[in-house]
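J.: Handing you a structure now.
The values are calculated or read from the model by the stated rules, or taken from the named source; none is laboratory data. Keep in mind that this is a model prediction, so the values were computed, not measured. Here the Cβ is made from the backbone with ideal geometry for all residues, glycine too, and neighbour counts use every protein chain on show. Heads up: the accessible areas ignore ligands, DNA and RNA and are worked out on the full protein's heavy atoms, side chains in. Shrake-Rupley method; radii C 1.70, N 1.55, O 1.52, S 1.80 Å.
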Protein chains: 2
Amino acid sequence: MICRAKENPILGKKDFPVLHEGFENIGAFNAGAALCGGETVLLVRVAERPVRREGRTLCPVFDPASGKTEVVGFTPEELRGNGDPRVLTVGGKRYLTSISHLHVARSRDGVHFRADPAPLLQAQNEYETFGIEDARVARVEGRYYITFSAASPLGSVVELAVTDDFTTARRVGVLFPPDNKDTALFDRKIGGRYYALHRPSCSCFAKPAIWLAESPDLRCFGMHRFVAGVRPGKWDGARIGAGAPPFLTERGWVELYHGAAEDDRYCMGALLLDRNEPWKVLARSGEPLAEPEAPYERRGFFGNVIFGCGLTREGDAVRLYYGASDESVALLSMTVGDIFSHLGV
Amino acid sequence: MICRAKENPILGKKDFPVLHEGFENIGAFNAGAALCGGETVLLVRVAERPVRREGRTLCPVFDPASGKTEVVGFTPEELRGNGDPRVLTVGGKRYLTSISHLHVARSRDGVHFRADPAPLLQAQNEYETFGIEDARVARVEGRYYITFSAASPLGSVVELAVTDDFTTARRVGVLFPPDNKDTALFDRKIGGRYYALHRPSCSCFAKPAIWLAESPDLRCFGMHRFVAGVRPGKWDGARIGAGAPPFLTERGWVELYHGAAEDDRYCMGALLLDRNEPWKVLARSGEPLAEPEAPYERRGFFGNVIFGCGLTREGDAVRLYYGASDESVALLSMTVGDIFSHLGV
């Protein structure tokens, strides 16, 4: 049975320190997950913003030259026409209303987590001036590979960092140029090649869709293939992207992905990909595997969102850690068999 | 002195066969260039479209399943609101008004060209249903690497093909996922790595800009870096992209790039990139190196366009082959010294 943990939401904005003076946390959500040294480790996106002052809305922007997070303020008149709580456009320039970093939380039981004292990764370079977001973690050949989104006026790119223990991580570089997000590495080679699912966003023609790329070294990717697109009119009709890293089963690779309709309601679904030719979709959810139903999934900073970036698998047991309403982290438990039943395979 | 060939334009739509019955060529432009076997070889984009019938505008779409180019027709009522001669949007779907393929033309003197009997590459797979466009050719370690754009409802991707003689070419795969264009390979390794300039287009935040990526094998690219962006208010204020493949000089890599302002007027400029760290811009054109002035550059299918994709270099002599007004191929001659003078280096 696919069921929500009764402890949900298991992590929230109060569980993490605020990094910058005069800022407040607005959410802790969209976490990558891994099993490491007997612990479940979550790499949580923590979003913070400057506290509103003197009637002005303040947007944080990291400055790589000074190493400081600066604040840009706008009056209500300047903000006229802006509706999305996450993004502002003023004078032809776009800003995010918060800046995110990646913070580790650890647990012995996979349900009760405690945050590390300091973040693992935060904005550092010119690709990250609007922050870093939505980590996925894949354990490949004994090391942990972290793929995350970075946002800046240069666009949204996917970066790679590597860690052995989640106490320090080394940035490797930009894996995918703008606009790209939602990158999930396969945890082992297939036919001698590494693989990644990724989510390019186009300036025209195409809706955001799931693509596959291969690599000789986990640094350079190519031979891109389209895997799955939106289904107009359905729950995943407006945009989709990889969720947690895919995991191998006896029937093929299982990928838990997110999909949203035009009304920005995010659900999770499943793809079954061929074991040896992972660009081939063998099965796909008709209806969502999970959709926003619980109060913490329906209401929050950006409501009606279930957004899974991380899972752990022990034997047949799968735990999906997901962001709820861009505000908290929650947990869904299921078995591999539950996913097969859902997919009708 | 930077000067136009008196034979300009040197190739046009009448110089190439029409591939499909009931179609007409509307342009032969945006050519890659190479020296091969004592000849100058141009790989020309030839665009054709169905002849308008019964008052309807017809758009060509290649169908990979049947291997045929189908035609979709629209009445003037259905086309209301469409202004761009290149692209149509009907019922939320986008179409191109023509479909392009890549056709070789050869010359002994680099000025007078004769087209091969048949195209080298034409639409073949699901990434190419709106055609293939704007080839660049780099000779690397004795082989010719062709990078070209492919358009379809999946977005605009960059593909790679390889040839030894321009009589046959082998497709390798998709180098860069959507949306990307204007990819130019460096013709040799730098510090043990291959490099490419490319041009991602973002769905938000960023204007189209020139990025650099590295590769161990010319198939898989990563470690992306931003190189140069638009300069608002200038001739390259709306979008820029790599033109011809960069070539190495004693002062660094010279890249002749295109830039357009908001009014869609395309000019050519130059970048000087660091010899060993080619993501570092040492110099950049203030004013255009070349701008639409001649009649064939100012008027045509899409007027006021100079768009260079190919060049040859013999000693100090550089010949830039460029598309004029999305309709014909023209030639600019210059020396490396002319480019240095223009850059003030």
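J.: List the distances, in nm and shortest first, from the label point of B:Met1 to the matching label points in every other copy, placing each point 7 Å from Cα along the Cα-to-Cβ direction.
T.: Sorted ascending, the copy-to-copy spacings read 8.8 nm.
J.: Sort out for me the Cα centre separation of the stretch B:235-302 from the stretch A:31-106, rounded to whole Å.
T.: Each part reduced to its Cα centre gives a spacing of 36 Å.
J.: From the backbone phi of the stretch A:317-323, what are the Karplus-calculated ³J(HN,Hα) couplings (6.51 cos²θ - 1.76 cosθ + 1.60, θ = phi - 60°) in whole Hz, Gly and Pro given as x?
T.: Working through the residues one at a time gives 8, 10, 10, 9, 9, 9, x Hz.
J.: Hey, another quick one. On the first, second and third principal axes, largest extent first, how far apart are the outermost C-alpha atoms of the stretch A:174-240 in Å?
T.: 39, 21, 16
J.: Could you list which residues have their amide H under 5 Å from that of B:Val90, counting only those 5 or more apart in sequence or on another chain, with H placed in the peptide plane?
T.: Placed amide hydrogens put B:Tyr95 under 5 Å from B:Val90.
J.: What Cys residues in chain A have no fellow cysteine's beta-carbon under 4.7 angstrom?
T.: A:Cys3, A:Cys36, A:Cys59, A:Cys202, A:Cys204, A:Cys267, A:Cys309
J.: Name the long-range amide H neighbours of A:Asp236: under 5 Å, sequence gap of 5 or more, or other chain; modelled H, no Pro or chain starts.
T.: Excluding prolines and chain starts, which carry no amide H, the hits are A:Arg231.
J.: Which distances in nm, rounded to one decimal and ordered from shortest, link the label point of A:Gly73 to the equivalent label points in the other identical copies, with labels set 7 Å from Cα toward Cβ?
T.: 6.4
J.: For chain A, count all C-alpha to C-alpha pairs, find those more than 33 Å apart, and express that count as a whole percent of the total.
T.: Percentage above 33 Å: 21.
J.: Another question about this same structure. State, to one decimal in nm², a quarter of the convex hull surface area for the C-alpha atoms of the stretch A:84-129, i.e. the direction-averaged projected area.
T.: 5.1
J.: Step through the residues of the stretch A:126-143 one at a time and calculate ³J(HN,Hα) from phi using the Karplus curve (6.51 cos²θ - 1.76 cosθ + 1.60, θ = phi - 60°), rounding each to whole Hz and writing x for Gly and Pro.
T.: Each residue of the stretch A:126-143 in turn: 5, 7, 10, 5, 9, x, 10, 8, 6, 6, 10, 10, 10, 8, 10, 6, x, 10 Hz.
J.: Per-residue accessible area for A:Ser66 at 1.4 Å probe radius, Å² rounded to 10?
T.: 60
J.: Taking θ = phi - 60°, what integer Hz values does the Karplus form 6.51 cos²θ - 1.76 cosθ + 1.60 yield along the stretch B:251-267, in sequence order, with x for Gly and Pro?
T.: Result, ordered by residue: 9, x, 7, 9, 10, 8, 10, 9, x, 10, 8, 4, 8, 6, 8, 9, 10 Hz.
J.: As an exercise, identify the trypsin sites (Lys or Arg not before Pro) in the stretch A:258-345 lying in DSSP coil whose Cβ has no more than 16 other Cβ atoms within 10 Å.
T.: In loop regions of the stretch A:258-345 (DSSP not H, G, I, E or B), the sparsely surrounded trypsin sites (Lys or Arg not before Pro) are A:Arg275, A:Lys280, A:Arg299.
J.: Pairwise over distinct Cα atoms, reciprocal of the mean inverse distance: report the Kirkwood radius of the stretch A:1-90 in Å, one decimal place. The partial results should precede the final answer.
T.: Values: mean 1/r = 0.0626 Å⁻¹.
Here the Kirkwood hydrodynamic radius works out to 16.0 Å.
J.: Considering the alpha-carbon set of the protein assembly as shown alone, what are its Rg and its Dmax in angstrom?
T.: Considering the protein assembly as shown through its Cα atoms, Rg and Dmax are 25.9, 80 Å.
J.: Amide H of A:Leu289: which non-local residues (sequence gap of 5 or more, or other chain) have their own amide H closer than 5 Å, using H built in the peptide plane?
T.: A:Met268, A:Gly269, A:Ala270
J.: Name the lysines eligible as straight-distance cross-link partners of B:Lys14: C-alpha to C-alpha under 29 Å, and not fewer than 8 places from it in the same chain.
T.: In chain and number order, the partners are B:Lys6, B:Lys68, B:Lys181.
J.: Let me ask something additional. When 1/r is averaged over all different Cα pairs and the result inverted, which Kirkwood radius in Å belongs to the stretch A:217-345?
T.: Result for the stretch A:217-345 stands at 15.1 Å.
J.: Smallest Cβ-to-axis distance in chain B, for the rotation taking B to A: which residue, how many Å?
T.: That would be B:Cys220, 2, residue then distance in Å.
J.: Another question, then. Mind checking the log10 I(q)/I(0) for the stretch B:33-79 at q = 0.13, 0.21, 0.29 Å⁻¹? Debye, one equal scatterer per Cα, no solvent, two decimals.
T.: -0.52, -0.78, -1.03
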